[in-house]
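What follows is a short report on a single structure.
The values are calculated or read from the model by the stated rules, or taken from the named source; none is laboratory data. Predicted model only: the values in this text are computed from it and were never measured. Using ideal geometry, Cβ is built from the backbone for each residue, glycine included, and neighbour counts are taken over all protein chains shown.
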Amino acid sequence: MRLSQLFTKTSKTSPADEEARNAILLIQAGFIHKEMAGVYAYLPLGLRVLENIKQIVREEMDAVGGQELMMTTLQPRELWEKTNRWDDKIVDNWFKTKLASGIELGVGLTHEEPIVDALSSYISSYKDLPVTVYQIQNKFRNEKRAKSGLLRGREFVMKDMYTFARTQAEHDELYEQIAAAYSRVYSRLGIGDVTYRTAADGGYFTERFSDEYQTVSPIGEDTIYVDETKKIAINQEIYTDENLEKLGLNKADLVEKKSVEVGNIFPLESKYTDALGVQYTDDSGKKQSIIMGCYGIGISRLVGMLAEHFADDKGLVWPEAIAPAKVYLARLGIDEDVVKAADELYNSLQGAGIEVLYDDREDARPGEKFADADLMGIPYRVVISTKTVAAGTYELKHRTAADAEHVSHARLEEILHTVEASA
């Protein structure tokens, strides 16, 4: 991607209607556009970050047997009435709409009922189970107060996964496999060391604990108590002596921390499958309940969380796995030899499968280019100028390094290897 062809531009001005640091940085860097409170559009660079996070999540969900599908946004009222979740007194954050005929529809905020309804055509025998399905799509929730930038929105991108099992033991095995996959996701995103599996209230779904994945952060709205040795935590909402004993936690070993929820997994028992009349026939011909689990990761929330977590006074500092490009190639000047050297390196990097943001703007000063590279958070900056061309070198600097390294042409392949290995 050439910056001379990119329609977005960076801004030094902080948006007046935004308080959250993540949204401020992402807007200034040209990654997102605020449509209204709690609703953001993803511009080309922001979309790349979003898609990179999706891909990491997708790979880990596929690795534990997940089958990806895509459910509808519009949902029939009668489906939700079967589980008593249509009533605003029960679920108070619906967006609802009507067809021209006057028939009411829900605008998808979660998909337990539609998933069960869809699978009812395919699950009847014990031989059809277990099943694990997931989707990555926009969700809509009528939040009374959208705040914290991408952390609490009215429209957001979510990965929701559902498991269907024959027995509690089978469900527990699937549940733990997916819990392990979640830990791998957060490690690959660079926040594994500050994200804890956290025991939480199972709500009206189950008498068991649910599990949240909480990332320690000073902007967090949740309070958790962490056992840093065991790498697990308990949410303040269930912080009782009885629950500590159930979890094998010692109050003296726990440290209080603020955190942001970046994922959750719930045992759903057979609440939805029974309500919708979806059961299976076991090997003796008897009807049995299907045990269900639900597993969510806020994809767009992670964009905001990572923007908060990986930033400094110059701007964003993306982990290489999710950055919109690995290399920011800054061409200084329009000298023929400089242009030729920069174009050749751009093509060479692209050919090696390295994503490059090529700053070929002729009207931008060097300082402006360097500031944009820092604001956008691109991991590596490569500078080509009359000086580097004359010296037969490239100037290479990592986003977090204090100084640049001057690399010879003979080491070009080594540079590519270094960038590839860090991706």
- Test residue 348 against the criterion of being within 21 Å of residue 404 (Cβ to Cβ), part of a helix (DSSP H, G or I) and not hydrophobic (A, V, I, L, M, F, W, C), and give yes or no. yes
- Name the strands (runs of 3 or more DSSP E) wholly within the stretch 200-250 that hold at least 1 residues that are touching a residue at least 40 places away in the same chain (Cβ under 8 Å)? 210-216
- Item | Residue among 241, 227 that alone is among the charged types (D, E, K, R) and either closer than 30 Å to residue 127 by Cα or exposed (fewer than 14 other Cβ atoms within 10 Å of the Cβ) (or both) | 241
- Item | Conditions (1) surrounded by fewer than 19 Cβ atoms within 10 Å (Cβ to Cβ); (2) more than 14 Å from residue 263 (Cα to Cα): number failed by residue 234 | (1)
- the stretch 149-161, subset surrounded by fewer than 23 Cβ atoms within 10 Å (Cβ to Cβ) and not in a loop (DSSP other than H, G, I, E, B), residue modelled with the lowest pLDDT: 152
- Query: Restricting the search to the stretch 391-410, which residues are under 26 Å from residue 315 (Cβ atoms) and not in a strand (DSSP E or B)?
  - Reply: 399, 400, 401, 402, 403, 404
- Task: State whether one or more residues within the stretch 83-104 are within 29 Å of the chain's Cα centre (by Cα), of a type in the set (Lys, Arg) and under 23 Å from residue 289 (Cβ atoms).
- Result: yes
- Query: Does any residue of the stretch 251-272 turn out to be part of a loop (DSSP other than H, G, I, E, B) and either in contact with a helix residue (DSSP H, G or I) (Cβ under 9 Å, 6 or more places away or on another chain) or in contact (Cβ under 8 Å) with a residue 24 or more places away in the chain (or both)?
  - Reply: no
- Output for the stretch 16-36, where each listed residue is more than 15 Å from residue 314 (Cβ to Cβ), surrounded by 14 or more Cβ atoms within 10 Å (Cβ to Cβ) and touching a Lys or Arg at 6+ places or on another chain (Cβ under 8 Å): 18, 20, 23, 27, 30
- Query: Any residue in the stretch 305-322 that is outside the structural domain of residue 125 (by TED's automatic domain parsing) and among the β-branched types (Val, Ile, Thr)?
  - Reply: yes
